[in-house]
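Asks: Structure incoming, see below.
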Amino acid sequence: MRVGYGYDVHRLVDGRPLVLGGVTIPFDKGLKGHSDADVLLHAVCDALLGAAGLGDIGMHFPDKDPKYKNIASTRLLEETGRKIAHDGYKIVNIDATLVAEAPKIGPYRQEMVSVIAKCLGLENRQVNVKATTTEGLGITGRGEGMAATCVACLE
Ligand code: MG
């Protein structure tokens, strides 16, 4: 068994769609980044790569590479799944947390779980997505950005 941890932050800006956990969510701002800036999926990728001892998302999908410009992070997650499977690992479970003051993600949570599970060939029960606020404090509390953390277990 191996465990990995992922953490990511992206800035919230005007004029970008908000994509979280592979789901586009109606909101007045979106996350800034080279890809679709799906902070939740980036944390999931980093947890999986970390657990497999394969470095981090920036090493595998460099944000200077035009190939990844505006790419859907679901594709990065699928590719991450292939890389860890290639090294002989199977995912036991994934537990991801979004840190954001708004919007409420409750209505989208189950869809995010399904998207992540589908990208990785897992059953929904192997994936958990939850969310928290920081009670108005800090980067996420002031709405300047969103953060996400994730733990993954491989066997
Ligand atoms: Mg990122």
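The values are calculated or read from the model by the stated rules, or taken from the named source; none is laboratory data. Computed from a prediction, not measured in an experiment: that's the story for all the values here. For neighbour counting, all protein chains shown are included, and Cβ atoms are generated from backbone atoms with ideal geometry for every residue, glycine included. Just the protein is used for accessible areas: all its heavy atoms, side chains included, with ligands, DNA and RNA removed. Shrake-Rupley method; radii C 1.70, N 1.55, O 1.52, S 1.80 Å.
Asks: Here are Val99, Val113: which of them is crowded, with 18+ Cβ neighbours inside 10 Å, modelled with pLDDT of 95 or more and over 20 Å from His10 (Cβ atoms)?
Replies: From the options Val99, Val113, the qualifying one is Val113.
Asks: Next question. State yes or no: is Lys69 open to solvent by 60 Å² or more (accessible area, probe 1.4 Å) and either within 11 Å of the ligand (Cβ to nearest atom) or of a type in the set (Lys, Arg) (or both)?
Replies: Yes, satisfied.
Asks: On the basis of being closer than 20 Å to Ala37 by Cβ and over 16 Å from the mean Cα position of the chain (by Cα), does Gly88 make the cut?
Replies: Spelling it out, it is not the case that Gly88 is closer than 20 Å to Ala37 by Cβ and over 16 Å from the mean Cα position of the chain (by Cα).
Asks: Across the stretch 72-96, what is the number of residues that are touching a helix residue (DSSP H, G or I) at 6+ places or on another chain (Cβ under 7 Å) and buried (at least 19 other Cβ atoms within 10 Å of the Cβ)?
Replies: 10
Asks: Could you check the stretch 1-28 and list, in sequence order, the residues that are part of a loop (DSSP other than H, G, I, E, B) and either open to solvent by less than 50 Å² (accessible area, probe 1.4 Å) or near the ligand (Cβ under 10 Å from one of its atoms) (or both)?
Replies: Correct list: Gly21, Gly22.
Asks: Any residue at all in the stretch 29-36 that's touching a strand residue (DSSP E or B) at 6+ places or on another chain (Cβ under 7 Å) and assigned to a helix (DSSP H, G or I)?
Replies: No - not one qualifying residue is present in the stretch 29-36.
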